[in-house]
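*Asks:* Take this structure first; my questions come after.
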Amino acid sequence: MKRPTHGGNLAWAAAVAGCSPSLILDFSASINPLGPPKRAIAAIAEALGTLSAYPDPNYHALRDSLSQLHPSIPPEWILPGNGSAELLTWAGRELSVLEKTYVVTPAFSDYRRALQAFNGNIIGCPLDLSVENLNCPFITPPRLEADQGSGLLLNNPHNPTGQLFDREAIVPYLEQFALVVVDEAFMDFLPPGREQSLIPLIQDYPNLVILRSLTKFYSLPGLRLGYAVAHPERLQRWQQWRDPWSVNTLAAVAARAVVDDTAFQQQTWDWLAPTRSQLFQGLAALPGLQPLPGSANFLLVQTEYPSSQLQRQLLTHDQVLIRDCLSFPELGDRYFRVAVRTMAENQRLLAGLAVILSSSNGV
(Lines give C-alpha, C1' and ligand atoms only; values in the text may rest on other atoms or scores of the structure.)
Protein backbone atom coordinates (compact mmCIF):
# COMPACT_ATOMS: atom_id res chain seq x y z
CA MET A 1 0.00 0.00 0.00
CA LYS A 2 1.37 3.43 -1.01
CA ARG A 3 2.69 5.70 1.73
CA PRO A 4 0.06 8.42 2.36
CA THR A 5 0.71 12.12 1.78
CA HIS A 6 -1.93 13.17 4.34
CA GLY A 7 -2.41 12.30 7.96
CA GLY A 8 -5.22 10.11 9.21
CA ASN A 9 -4.76 7.17 6.81
CA LEU A 10 -5.67 4.44 9.27
CA ALA A 11 -5.96 1.74 6.60
CA TRP A 12 -2.29 2.23 5.68
CA ALA A 13 -1.22 2.41 9.33
CA ALA A 14 -3.13 -0.76 10.22
CA ALA A 15 -1.48 -2.62 7.33
CA VAL A 16 1.95 -1.64 8.68
CA ALA A 17 1.04 -2.43 12.28
CA GLY A 18 -0.76 -5.67 11.42
CA CYS A 19 -3.89 -4.79 13.36
CA SER A 20 -7.39 -3.43 12.91
CA PRO A 21 -7.65 0.30 12.02
CA SER A 22 -9.76 0.77 15.16
CA LEU A 23 -6.72 -0.08 17.31
CA ILE A 24 -4.51 2.68 15.88
CA LEU A 25 -3.94 5.69 18.13
CA ASP A 26 -3.76 8.48 15.56
CA PHE A 27 -1.44 11.43 16.17
CA SER A 28 -1.05 12.09 12.44
CA ALA A 29 -4.35 13.95 11.95
CA SER A 30 -4.79 17.10 14.03
CA ILE A 31 -8.33 16.51 15.26
CA ASN A 32 -9.79 17.68 18.58
CA PRO A 33 -9.91 14.57 20.84
CA LEU A 34 -12.74 16.06 22.94
CA GLY A 35 -15.33 15.78 20.18
CA PRO A 36 -17.57 15.40 18.37
CA PRO A 37 -19.80 17.59 20.54
CA LYS A 38 -22.95 15.95 21.87
CA ARG A 39 -24.99 18.63 20.10
CA ALA A 40 -23.64 17.47 16.74
CA ILE A 41 -24.49 13.82 17.42
CA ALA A 42 -28.01 14.73 18.56
CA ALA A 43 -28.59 16.92 15.51
CA ILE A 44 -27.44 14.16 13.17
CA ALA A 45 -29.73 11.62 14.83
CA GLU A 46 -32.69 13.98 14.59
CA ALA A 47 -32.02 14.66 10.90
CA LEU A 48 -31.91 11.03 9.77
CA GLY A 49 -35.56 11.22 8.82
CA THR A 50 -34.85 14.02 6.32
CA LEU A 51 -32.42 12.05 4.17
CA SER A 52 -35.08 11.36 1.55
CA ALA A 53 -35.04 15.06 0.58
CA TYR A 54 -32.30 17.07 -1.12
CA PRO A 55 -30.48 19.74 0.90
CA ASP A 56 -31.21 23.38 0.24
CA PRO A 57 -28.81 24.08 -2.67
CA ASN A 58 -28.16 27.60 -1.38
CA TYR A 59 -27.78 26.55 2.28
CA HIS A 60 -29.59 29.60 3.61
CA ALA A 61 -30.01 28.27 7.16
CA LEU A 62 -26.43 27.03 7.33
CA ARG A 63 -25.08 30.36 6.10
CA ASP A 64 -27.18 32.17 8.71
CA SER A 65 -25.74 29.93 11.43
CA LEU A 66 -22.15 30.37 10.24
CA SER A 67 -22.59 34.13 10.22
CA GLN A 68 -23.26 33.89 13.98
CA LEU A 69 -19.59 32.97 14.39
CA HIS A 70 -18.67 36.25 12.70
CA PRO A 71 -21.42 38.75 13.61
CA SER A 72 -20.13 41.48 11.31
CA ILE A 73 -20.24 39.24 8.21
CA PRO A 74 -23.56 38.87 6.31
CA PRO A 75 -24.56 35.33 5.26
CA GLU A 76 -24.04 36.07 1.55
CA TRP A 77 -20.33 36.55 2.26
CA ILE A 78 -20.08 32.90 3.40
CA LEU A 79 -20.05 29.76 1.26
CA PRO A 80 -20.17 26.29 2.89
CA GLY A 81 -18.21 23.52 1.19
CA ASN A 82 -17.48 19.82 1.24
CA GLY A 83 -14.56 20.40 3.57
CA SER A 84 -12.22 23.33 3.11
CA ALA A 85 -10.43 21.12 0.55
CA GLU A 86 -13.29 21.60 -1.92
CA LEU A 87 -13.16 25.37 -1.47
CA LEU A 88 -9.39 25.30 -1.89
CA THR A 89 -9.98 23.83 -5.34
CA TRP A 90 -12.01 26.88 -6.39
CA ALA A 91 -9.47 29.21 -4.81
CA GLY A 92 -6.85 27.38 -6.86
CA ARG A 93 -8.86 28.00 -10.02
CA GLU A 94 -9.04 31.74 -9.23
CA LEU A 95 -5.32 31.95 -8.45
CA SER A 96 -4.31 30.00 -11.56
CA VAL A 97 -5.56 32.66 -13.97
CA LEU A 98 -2.98 35.04 -12.49
CA GLU A 99 0.55 35.32 -13.82
CA LYS A 100 1.93 33.46 -10.80
CA THR A 101 0.98 32.41 -7.30
CA TYR A 102 3.33 32.65 -4.35
CA VAL A 103 2.94 29.84 -1.80
CA VAL A 104 4.54 30.10 1.63
CA THR A 105 6.47 26.86 2.19
CA PRO A 106 6.59 24.33 3.74
CA ALA A 107 2.94 24.05 2.78
CA PHE A 108 -0.03 21.70 2.93
CA SER A 109 0.30 19.45 -0.14
CA ASP A 110 -3.25 20.20 -1.30
CA TYR A 111 -2.18 23.74 -2.18
CA ARG A 112 0.00 22.41 -4.97
CA ARG A 113 -2.74 19.96 -5.99
CA ALA A 114 -5.33 22.74 -6.30
CA LEU A 115 -3.03 25.00 -8.30
CA GLN A 116 -1.66 22.29 -10.58
CA ALA A 117 -5.21 21.15 -11.40
CA PHE A 118 -5.63 24.45 -13.30
CA ASN A 119 -2.03 24.76 -14.53
CA GLY A 120 -1.16 27.51 -12.08
CA ASN A 121 2.35 28.95 -12.00
CA ILE A 122 3.61 28.22 -8.47
CA ILE A 123 6.44 30.18 -6.82
CA GLY A 124 7.60 28.76 -3.48
CA CYS A 125 8.44 31.26 -0.74
CA PRO A 126 10.40 29.56 2.06
CA LEU A 127 9.52 30.45 5.62
CA ASP A 128 12.42 31.24 7.93
CA LEU A 129 12.73 28.02 9.97
CA SER A 130 15.52 29.31 12.20
CA VAL A 131 15.16 28.75 15.93
CA GLU A 132 15.21 32.52 16.48
CA ASN A 133 12.19 33.08 14.22
CA LEU A 134 10.20 30.08 15.40
CA ASN A 135 10.69 30.96 19.06
CA CYS A 136 9.12 34.40 18.61
CA PRO A 137 5.49 35.05 19.67
CA PHE A 138 4.70 35.69 15.98
CA ILE A 139 6.69 34.37 13.05
CA THR A 140 7.89 36.78 10.39
CA PRO A 141 6.25 36.31 6.98
CA PRO A 142 8.50 36.08 3.91
CA ARG A 143 9.50 39.27 2.13
CA LEU A 144 7.95 39.18 -1.31
CA GLU A 145 8.45 41.37 -4.35
CA ALA A 146 4.87 41.24 -5.50
CA ASP A 147 2.91 42.84 -8.31
CA GLN A 148 -0.76 43.27 -9.00
CA GLY A 149 -0.74 40.35 -11.45
CA SER A 150 0.19 37.82 -8.78
CA GLY A 151 -1.58 35.85 -6.09
CA LEU A 152 -0.57 34.66 -2.62
CA LEU A 153 -1.60 31.51 -0.72
CA LEU A 154 -0.66 31.01 2.91
CA ASN A 155 -2.12 29.56 6.08
CA ASN A 156 -2.42 30.93 9.59
CA PRO A 157 -1.67 29.30 11.98
CA HIS A 158 0.96 27.84 9.71
CA ASN A 159 0.89 24.12 8.97
CA PRO A 160 3.13 22.19 9.61
CA THR A 161 5.05 24.47 12.01
CA GLY A 162 2.04 25.50 14.09
CA GLN A 163 3.37 29.07 14.20
CA LEU A 164 1.18 32.16 14.12
CA PHE A 165 1.43 35.20 11.87
CA ASP A 166 0.41 38.53 13.37
CA ARG A 167 -2.63 39.87 11.52
CA GLU A 168 -0.91 43.19 10.94
CA ALA A 169 2.03 41.45 9.26
CA ILE A 170 -0.28 40.00 6.59
CA VAL A 171 -2.24 43.19 5.89
CA PRO A 172 0.46 44.72 3.62
CA TYR A 173 0.11 41.71 1.31
CA LEU A 174 -3.50 42.75 0.69
CA GLU A 175 -2.24 45.91 -0.97
CA GLN A 176 0.41 44.10 -3.03
CA PHE A 177 -1.38 41.10 -4.54
CA ALA A 178 -4.30 40.73 -6.92
CA LEU A 179 -5.67 37.89 -4.79
CA VAL A 180 -4.72 36.70 -1.29
CA VAL A 181 -6.06 33.36 -0.03
CA VAL A 182 -5.54 32.69 3.68
CA ASP A 183 -6.23 29.21 5.00
CA GLU A 184 -7.36 29.56 8.62
CA ALA A 185 -8.19 25.89 9.17
CA PHE A 186 -6.66 25.88 12.68
CA MET A 187 -7.58 29.41 13.80
CA ASP A 188 -10.50 28.12 15.90
CA PHE A 189 -8.01 26.59 18.34
CA LEU A 190 -6.89 30.05 19.46
CA PRO A 191 -9.19 31.73 22.02
CA PRO A 192 -10.73 35.07 21.03
CA GLY A 193 -8.04 37.10 22.76
CA ARG A 194 -5.21 35.47 20.80
CA GLU A 195 -6.61 34.64 17.36
CA GLN A 196 -5.33 36.60 14.37
CA SER A 197 -8.09 36.03 11.82
CA LEU A 198 -8.42 38.38 8.85
CA ILE A 199 -12.19 37.88 8.71
CA PRO A 200 -12.85 41.33 10.30
CA LEU A 201 -11.10 42.87 7.27
CA ILE A 202 -12.90 40.89 4.57
CA GLN A 203 -15.37 43.63 3.58
CA ASP A 204 -12.54 46.12 3.07
CA TYR A 205 -10.60 43.89 0.65
CA PRO A 206 -12.43 42.32 -2.31
CA ASN A 207 -9.17 40.53 -3.21
CA LEU A 208 -9.15 38.57 0.08
CA VAL A 209 -10.46 35.00 0.50
CA ILE A 210 -10.43 33.17 3.83
CA LEU A 211 -10.91 29.41 4.15
CA ARG A 212 -12.09 27.86 7.40
CA SER A 213 -12.65 24.28 8.58
CA LEU A 214 -15.27 23.01 11.02
CA THR A 215 -14.04 19.43 11.04
CA LYS A 216 -10.81 19.79 13.02
CA PHE A 217 -12.04 21.84 15.97
CA TYR A 218 -15.34 19.96 16.25
CA SER A 219 -13.84 16.53 15.44
CA LEU A 220 -16.04 15.90 12.39
CA PRO A 221 -13.58 15.06 9.56
CA GLY A 222 -15.79 12.25 8.28
CA LEU A 223 -18.60 14.71 7.54
CA ARG A 224 -16.41 17.02 5.40
CA LEU A 225 -17.42 20.57 6.15
CA GLY A 226 -15.69 23.91 5.73
CA TYR A 227 -16.58 27.38 4.53
CA ALA A 228 -15.12 30.30 2.63
CA VAL A 229 -15.51 33.96 3.52
CA ALA A 230 -15.15 36.30 0.55
CA HIS A 231 -16.93 38.91 -1.57
CA PRO A 232 -20.40 37.61 -2.60
CA GLU A 233 -19.66 38.05 -6.31
CA ARG A 234 -16.70 35.69 -6.04
CA LEU A 235 -18.68 33.13 -4.04
CA GLN A 236 -21.51 33.21 -6.56
CA ARG A 237 -18.97 32.33 -9.23
CA TRP A 238 -17.70 29.38 -7.18
CA GLN A 239 -21.27 28.20 -6.68
CA GLN A 240 -21.73 28.07 -10.45
CA TRP A 241 -18.50 26.10 -10.93
CA ARG A 242 -19.11 23.34 -8.43
CA ASP A 243 -21.43 20.37 -8.28
CA PRO A 244 -24.84 21.00 -6.70
CA TRP A 245 -25.54 19.94 -3.09
CA SER A 246 -21.87 19.69 -2.17
CA VAL A 247 -22.70 19.76 1.55
CA ASN A 248 -24.83 16.85 2.69
CA THR A 249 -27.79 17.20 5.04
CA LEU A 250 -26.09 15.62 8.06
CA ALA A 251 -23.03 17.84 7.76
CA ALA A 252 -25.23 20.93 7.47
CA VAL A 253 -27.31 20.18 10.57
CA ALA A 254 -24.22 19.23 12.59
CA ALA A 255 -22.59 22.54 11.69
CA ARG A 256 -25.66 24.50 12.69
CA ALA A 257 -25.66 22.68 16.03
CA VAL A 258 -22.03 23.31 16.95
CA VAL A 259 -21.37 26.89 15.91
CA ASP A 260 -23.06 28.28 19.02
CA ASP A 261 -21.81 25.54 21.37
CA THR A 262 -19.85 27.96 23.55
CA ALA A 263 -19.39 25.35 26.29
CA PHE A 264 -17.53 23.00 23.92
CA GLN A 265 -15.47 25.87 22.55
CA GLN A 266 -14.36 26.94 26.04
CA GLN A 267 -13.69 23.33 27.05
CA THR A 268 -11.37 22.98 24.07
CA TRP A 269 -9.45 26.19 24.81
CA ASP A 270 -9.10 25.20 28.48
CA TRP A 271 -7.83 21.74 27.49
CA LEU A 272 -5.40 22.70 24.76
CA ALA A 273 -2.89 25.04 26.40
CA PRO A 274 -1.85 22.88 29.39
CA THR A 275 -1.99 19.65 27.39
CA ARG A 276 0.11 21.05 24.57
CA SER A 277 2.64 22.25 27.15
CA GLN A 278 2.77 18.78 28.72
CA LEU A 279 3.39 17.17 25.35
CA PHE A 280 6.02 19.77 24.40
CA GLN A 281 7.95 19.22 27.61
CA GLY A 282 7.75 15.46 27.28
CA LEU A 283 9.08 15.54 23.73
CA ALA A 284 11.85 17.98 24.63
CA ALA A 285 13.04 15.61 27.36
CA LEU A 286 13.64 12.76 24.89
CA PRO A 287 17.10 12.33 23.34
CA GLY A 288 17.45 13.54 19.76
CA LEU A 289 14.10 15.38 19.62
CA GLN A 290 13.44 19.12 19.55
CA PRO A 291 9.79 20.20 19.42
CA LEU A 292 8.99 23.66 18.08
CA PRO A 293 6.59 25.93 19.99
CA GLY A 294 3.17 26.02 18.37
CA SER A 295 -0.12 27.90 18.59
CA ALA A 296 -2.40 25.20 17.17
CA ASN A 297 -3.36 21.67 18.25
CA PHE A 298 -0.21 20.02 16.91
CA LEU A 299 3.56 20.23 17.30
CA LEU A 300 6.33 19.96 14.73
CA VAL A 301 9.33 18.02 16.03
CA GLN A 302 12.88 18.06 14.70
CA THR A 303 14.54 14.67 15.04
CA GLU A 304 18.09 13.36 14.76
CA TYR A 305 16.61 10.05 13.58
CA PRO A 306 14.70 9.41 10.33
CA SER A 307 11.06 10.19 11.02
CA SER A 308 9.86 7.47 8.64
CA GLN A 309 11.70 4.89 10.75
CA LEU A 310 10.31 6.31 13.98
CA GLN A 311 6.84 6.18 12.44
CA ARG A 312 7.18 2.54 11.42
CA GLN A 313 8.59 1.44 14.78
CA LEU A 314 5.86 3.23 16.70
CA LEU A 315 3.26 1.50 14.55
CA THR A 316 4.70 -1.99 14.89
CA HIS A 317 5.55 -1.70 18.60
CA ASP A 318 2.79 0.51 19.96
CA GLN A 319 0.10 0.88 17.26
CA VAL A 320 0.68 4.65 17.41
CA LEU A 321 0.69 6.74 14.20
CA ILE A 322 2.68 9.97 13.85
CA ARG A 323 2.85 12.18 10.76
CA ASP A 324 6.12 11.99 8.88
CA CYS A 325 7.06 15.11 6.91
CA LEU A 326 8.20 13.49 3.67
CA SER A 327 5.44 15.31 1.78
CA PHE A 328 7.04 18.61 2.85
CA PRO A 329 10.23 18.76 0.72
CA GLU A 330 11.71 21.49 2.93
CA LEU A 331 11.45 19.24 6.01
CA GLY A 332 12.01 15.72 4.70
CA ASP A 333 12.90 12.86 7.04
CA ARG A 334 14.24 14.99 9.90
CA TYR A 335 10.89 16.26 11.16
CA PHE A 336 7.61 14.73 12.24
CA ARG A 337 4.31 16.24 13.38
CA VAL A 338 2.07 15.08 16.21
CA ALA A 339 -1.42 16.15 17.19
CA VAL A 340 -2.13 17.15 20.76
CA ARG A 341 -4.41 14.50 22.22
CA THR A 342 -5.48 13.75 25.81
CA MET A 343 -2.79 13.67 28.48
CA ALA A 344 -3.10 9.90 28.82
CA GLU A 345 -2.78 9.40 25.06
CA ASN A 346 0.14 11.82 24.89
CA GLN A 347 1.86 9.79 27.60
CA ARG A 348 1.42 6.63 25.54
CA LEU A 349 3.17 8.35 22.62
CA LEU A 350 5.99 9.61 24.84
CA ALA A 351 6.50 6.18 26.41
CA GLY A 352 6.69 4.54 22.99
CA LEU A 353 9.20 7.10 21.73
CA ALA A 354 11.29 6.76 24.88
CA VAL A 355 11.69 3.02 24.40
CA ILE A 356 12.64 3.36 20.74
CA LEU A 357 15.09 6.23 21.25
CA SER A 358 16.82 4.63 24.23
CA SER A 359 17.20 1.17 22.68
CA SER A 360 20.73 -0.11 22.39
CA ASN A 361 20.48 -0.35 18.59
CA GLY A 362 18.97 3.09 18.16
CA VAL A 363 16.42 3.62 15.38
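*Asks:* So which of 319, 240 is at pLDDT 95 or above and polar (S, T, N, Q)?
*Replies:* Of the residues listed, the single one that is at pLDDT 95 or above and polar (S, T, N, Q) is 319.
*Asks:* Identify, by number, the condition in (1) closer than 30 Å to residue 148 by Cα; (2) at pLDDT 95 or above; (3) acidic (Asp, Glu) that residue 99 doesn't meet.
*Replies:* (2)
*Asks:* Scan the stretch 322-363 for residues that are at pLDDT below 90, surrounded by 15 or more Cβ atoms within 10 Å (Cβ to Cβ) and over 30 Å from residue 103 (Cβ atoms) and jot them down.
*Replies:* 363
*Asks:* If you don't mind, another one. Given the condition without any contact (Cβ under 8 Å) to a residue 40 or more places away in the chain, assigned by TED's automatic domain parsing to the domain that holds residue 224 and over 25 Å from residue 58 (Cβ atoms), answer yes or no: does some residue in the stretch 83-101 qualify?
*Replies:* Checked the stretch 83-101: at least one residue is without any contact (Cβ under 8 Å) to a residue 40 or more places away in the chain, assigned by TED's automatic domain parsing to the domain that holds residue 224 and over 25 Å from residue 58 (Cβ atoms).
*Asks:* Further, regarding this structure: Name the one entry in 201, 211 that is assigned by TED's automatic domain parsing to the domain that holds residue 139 and either in contact (Cβ under 8 Å) with a residue 40 or more places away in the chain or assigned to a loop (DSSP other than H, G, I, E, B) (or both). Full working, then the answer.
*Replies:* On the way: 201 fails: either in contact (Cβ under 8 Å) with a residue 40 or more places away in the chain or assigned to a loop (DSSP other than H, G, I, E, B) (or both).
Going through 201, 211 in turn, the sole match is 211.
*Asks:* For residue 307, are the conditions met, namely being small (Gly, Ala, Ser), crowded, with 22+ Cβ neighbours inside 10 Å and in contact with a Cys (Cβ under 8 Å, 6 or more places away or on another chain)? Write out each step before concluding.
*Replies:* Values: small (Gly, Ala, Ser): yes; crowded, with 22+ Cβ neighbours inside 10 Å: yes; in contact with a Cys (Cβ under 8 Å, 6 or more places away or on another chain): yes.
Taking the combined requirement at face value, the residue satisfies it.
One line per residue, one yes/no per condition, for (1) assigned to a strand (DSSP E or B); (2) touching a residue at least 12 places away in the same chain (Cβ under 8 Å); (3) more than 19 Å from the chain's Cα centre (by Cα):
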position: 193; (1), (2), (3): no, no, yes
position: 206; (1), (2), (3): no, yes, yes
position: 216; (1), (2), (3): no, yes, no
position: 243; (1), (2), (3): no, no, yes
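The values are calculated or read from the model by the stated rules, or taken from the named source; none is laboratory data. Just so it is clear, the structure is predicted and the values come from calculations on it, not from any experiment. Methodologically, a virtual Cβ is constructed for each residue, glycine included, from the backbone with ideal geometry; neighbour enumeration extends over all protein chains shown.
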